[in-house]
Amino acid sequence: MSIFDKIKGEFIDIIQWLDDSQDTMVYRFERYGNQIKNGAKLTVRESQVAVFVNEGQIADVFTPGMYTLETQNLPILSTLKGWKYGFNSPFVAEVYFINTKRFTDNKWGTLNPIMMRDPDFGIVRVRAFGSYVIQVKDAPTFLKTVVGTSGEFTSDQITEQIRNVIVSKFSDVIGQAKIPVLDLAGKYQDMGNMLVQQIGPSVNEYGLELLQMLIENISLPPEVEAAIDKRSSMGAVGNLDNYMKYQAAEGIGQGGGGMSDAMGMGLGFSMAQQMAQNMAQNAGGGAAGAPPPIPAEAAYFLAVNGQQQGPYPVSQLMAHVTSGALTKETLVWKNGMPGWTKAGEVAELSTVFGSTPPPLPPQ
């Protein structure tokens, strides 16, 4: 190798960065000990900013374009180097390329549930997750406050810090919004805009800009979701009496035990009786001499542990006696009674307790 080739190889005359990654935010141009030649060409592409650093101090910043590096377009570096009348020799400077494109699909989520007060369910715990979009807004600030001397900086090195800021502000936003849990799903976009306004100033301190916040889901604890499903089922069946029948039928289908089985048996007897009546009416063909329909069975409300339950037809009360939910001391009431009365004092219910044996005599 000739001396000319060796000297030529030590000088850099083209400075550029072609990014083939998706997550690199900052790249330091590697010189491998070479010096930048006077009149070297600098190419800064769209979605890039080039920052020159001299001995740890930020000098000149170049936006997209092609530049010939001379004294007139390196004013700060010329001052730092003492180039009053231009320079003819190569110089040493660190060149950082900052990626200013939008970094999308950055994930965030609550590691722990957030407590909130809800008008329907009281105090509940919610979790949330989504994504956000950021962009470098101030390259020198981002380089000084976040990147430092790192030769290559990727987006995942800052997303964890931003996620912590988002979660902290999300707790404030969801508390200030005072939106019922059941209405949150229709407010994701509004809450996302509120988060951008709340979190934006904190993110700007890093030289970044928060462009968009997306809330993909806000979830509730399983027991609250089960309560919502139960309420939906009740709304579907229409009234409480039908709902109790629905619950009893589910108990039969799922093989439930105890009180569910007893209620299911009572409902099953009632359904069998109704089917027999329908079959008898169909066999009679609706003739003129057919007997009138059997009068509706009386239904009683029960007072169990201070809570009103029912009404239950008399044919189902045997199941409640079997399960222990109905005793002679239980208060009952039906339409037409002046007030709540002990079940043992209601003549119509005497048959319900008839099969119950008396207490065992003392030993």
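Bear in mind that the values in this text are calculations on the coordinates, not laboratory data. Since we're looking at a predicted model, the values are computed, not measured. In this analysis, Cβ positions are derived from the backbone assuming ideal geometry, glycine residues included, and neighbour counts consider all displayed protein chains.
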Could you calculate the contour length gain from Phe129 to Asn217, that is, 0.36 nm times the residue separation minus the distance between their Cα atoms, to one decimal place in nm?
31.1 nm
Which loop trypsin sites (Lys or Arg not before Pro) in the stretch 51-155, with loop taken from DSSP, have no more than 15 other Cβ atoms within 10 angstrom of their Cβ?
Lys84, Lys101, Arg102
Diffing the stretch 124-134: the Karplus 3J(HN,Hα) column from phi (6.51, -1.76, 1.60, θ = phi - 60°), in whole Hz with x for Gly and Pro, holds 10, 10, 10, 10, 9, 8, x, 9, 8, 10, 10
Taking amide hydrogens as modeled 1.01 Å from N in the peptide plane, which residues meet the under 5 Å criterion relative to Ile15, leaving out close sequence neighbours?
Lys41, Leu42, Thr43
Positive-pole candidate from Ile123, Ala185, Leu211, dipole of the stretch 103-224, charges at beta carbon
Ile123
